[in-house]
Amino acid sequence: MHKIGNLKLKGELFLAPMANYNNIAFRTLAREYGAALVYTELISAKGLLMKNRRTEKMLQVSEKEKPVFLQLFGSNPLDFKKAIELIEKKFPQNFAGYDLNAGCSVPKAIKGNYGCTLMKNASNVGQIISSMKSSTNKPISIKMRLGWSEENFLEVAREAVQNEVDAITLHPRLGVLGYSGEANWEKIKELKKEVNSKVKIIGNGDIKKPEDVLLMKKRTNSDFEMIGRSAIGNAFFFKQANSSLMNKKIPLKSFDELKKEMNKFFELAEEFNLGPNDIRPYLLGFVRGLIGAPVLRNKIGVSKTISEMKKIIQEYFLNYS
Ligand SMILES: Cc1cc2nc3c(=O)[nH]c(=O)nc-3n(C[C@H](O)[C@H](O)[C@H](O)COP(=O)(O)O)c2cc1C
């Protein structure tokens with residue numbers, strides 16, 4: 001049995017937190033296709049305390065997608081404590097654990113002094129973890145990069161471990177580099193060697209083909225592997241990647257599978273009352289690479305309702321059946 005802290009997990013592959021993508025429908029779909037754990041997109045610890053309506057919607061969780069980790073961002077340790085206490089009081093059953101975002105490198109994060117810029121101050125990261133731990137018995141994890149502009153992931157990891165973090169996700173690129181260059185998996189191996197076996201290491205970055213999960217595990221000794229961009233519009237990737245982990249033949253994604261996945265996605269979007277803007281990003285990911293993708297993209301880009309989007313996709317399926 002795989003575990004993070006006291007949480008038992010049924011597999012080793014996780015859906016990465018992704019802003020504007022990880023809504024309740026995508027997360028549920030990813031679980032159906034074999035993700036063992038899913039994350040919310042990043043949510044402001046401070047924003048939670050202000051009871052913002054958009055933030056409240058982001059806290060919606062379905063039974064089918066559990067376990068879910070809530071990812072929080074911010075920089076003040078006290079905000080994290082208060083935010084988790086609030087969630088535990090209001091929605092004690094929703095989340096299986098909490099994750100600290102120390103990896104985001106978008107301009108907003110730099111300006112707001114959160115995300116990867118937190119890594120500039122390792123002791124503050126330690127204080128945030130300690131604050132998070134003090135507000136719940138559930139597992140606490142951190143997701144980080146190699147550092148902001150200079151590599152210091154081992155220093156930050158030590159602080160997190162000293163404060164009893166349960167898991168560390170490493171996306172091995174510097175924050176200033178965004179997504180350029182390649183994820184340096186050697187660093188995941190270094191991190192795994194550094195920490196004791198109680199702290200689980202989640203390898204992340206550039207899992208582009210299903211076979212890459214096994215490759216990452218072998219090369220780095222990671223306990224879990226986290227998949228981001230490859231799952232956008234393609235939750236089936238989890239099924240393929242799980243086969244790779246089990247050394248089984250990787251199933252090909254057939255046209256029927258494509259239809260099945262999309263129909264399920266629409267069903268979930270309707271079940272959870274999502275709006276067109278919630279699902280548009282996933283759909284744009286879905287059409288990537290299809291015949292006539294630019295036309296589909298334009299149509300989806302301007303459609304105003306989910307039923308309009310559904311019609312566009314269904315017509316596409318009919319045309320090419
Ligand atoms: C559109 C998008 C949104 C993202 N949002 C978040 C986020 O909210 N929190 C976070 O920790 N990382 C976020 N990330 C980073 C991913 O979780 C992941 O670390 C990164 O994409 C590398 O993994 P991959 O190569 O499998 O995509 C985001 C990435 C993308 C592409």
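Residue by residue, here is whether (1) at pLDDT below 95; (2) assigned to a loop (DSSP other than H, G, I, E, B) holds:
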{"residue": "Asn22", "(1), (2)": "no, yes"}
{"residue": "Phe26", "(1), (2)": "no, no"}
{"residue": "Gly34", "(1), (2)": "no, yes"}
{"residue": "Val38", "(1), (2)": "no, no"}
{"residue": "Lys46", "(1), (2)": "yes, no"}
{"residue": "Arg54", "(1), (2)": "yes, no"}
{"residue": "Lys57", "(1), (2)": "yes, no"}
field: Subset of region 47-62 [within 16 Å of the ligand (Cβ to nearest atom) and surrounded by fewer than 24 Cβ atoms within 10 Å (Cβ to Cβ)]
entry: Gly47, Arg54, Thr55, Lys57, Met58, Leu59
message: Take Pro251 and tell me if it is on the phi < 0 side of the Ramachandran plot and either touching a Lys or Arg at 6+ places or on another chain (Cβ under 8 Å) or in the same structural domain as Tyr21 (by TED's automatic domain parsing) (or both).
response: yes
- line: Scanning region 113-165 residue by residue, the ones that are closer than 29 Å to Ser180 by Cα, of a type in the set (D, E, K, R) and surrounded by fewer than 20 Cβ atoms within 10 Å (Cβ to Cβ) total 5
- request: Would you point out the residue of region 228-258, among those that are part of a loop (DSSP other than H, G, I, E, B) and touching a residue at least 40 places away in the same chain (Cβ under 8 Å), that is nearest to the ligand (Cβ to nearest atom)?
  value: Gly228
query: Which condition number does Ala269 fail, the rest of (1) within 16 Å of the ligand (Cβ to nearest atom); (2) under 25 Å from Leu59 (Cα atoms) being met?
result: (1)
query: Only one of (1) modelled with pLDDT under 95; (2) more than 20 Å from Thr28 (Cα to Cα) is not met by Asp212, so which one is it?
result: (1)
Gly103 on the phi > 0 side of the Ramachandran plot, among the small types (Gly, Ala, Ser) and within 13 Å of the ligand (Cβ to nearest atom): no
- prompt: Hey, does region 180-197 have a residue that's over 28 Å from Asn6 (Cα atoms), buried (at least 17 other Cβ atoms within 10 Å of the Cβ), of a type outside the set (D, E, K, R) and out of contact with any Cys (no Cβ under 8 Å at 6 or more places or on another chain)?
  reply: yes
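Answer with yes or no whether Ile128 is within 14 Å of the ligand (Cβ to nearest atom) and at pLDDT 95 or above.
no
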query: Taking region 204-227 as the region of interest, how many residues are outside any helix (DSSP H, G or I) and either among the aliphatic types (A, V, I, L, M) or in contact with a strand residue (DSSP E or B) (Cβ under 7 Å, 6 or more places away or on another chain) (or both)?
result: 8
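The values are calculated or read from the model by the stated rules, or taken from the named source; none is laboratory data. Everything numeric here is computed off the predicted structure, so don't read it as measured data. Heads up, the Cβs are rebuilt from the backbone with ideal geometry, glycines too, and the neighbour counts pull from every protein chain shown.
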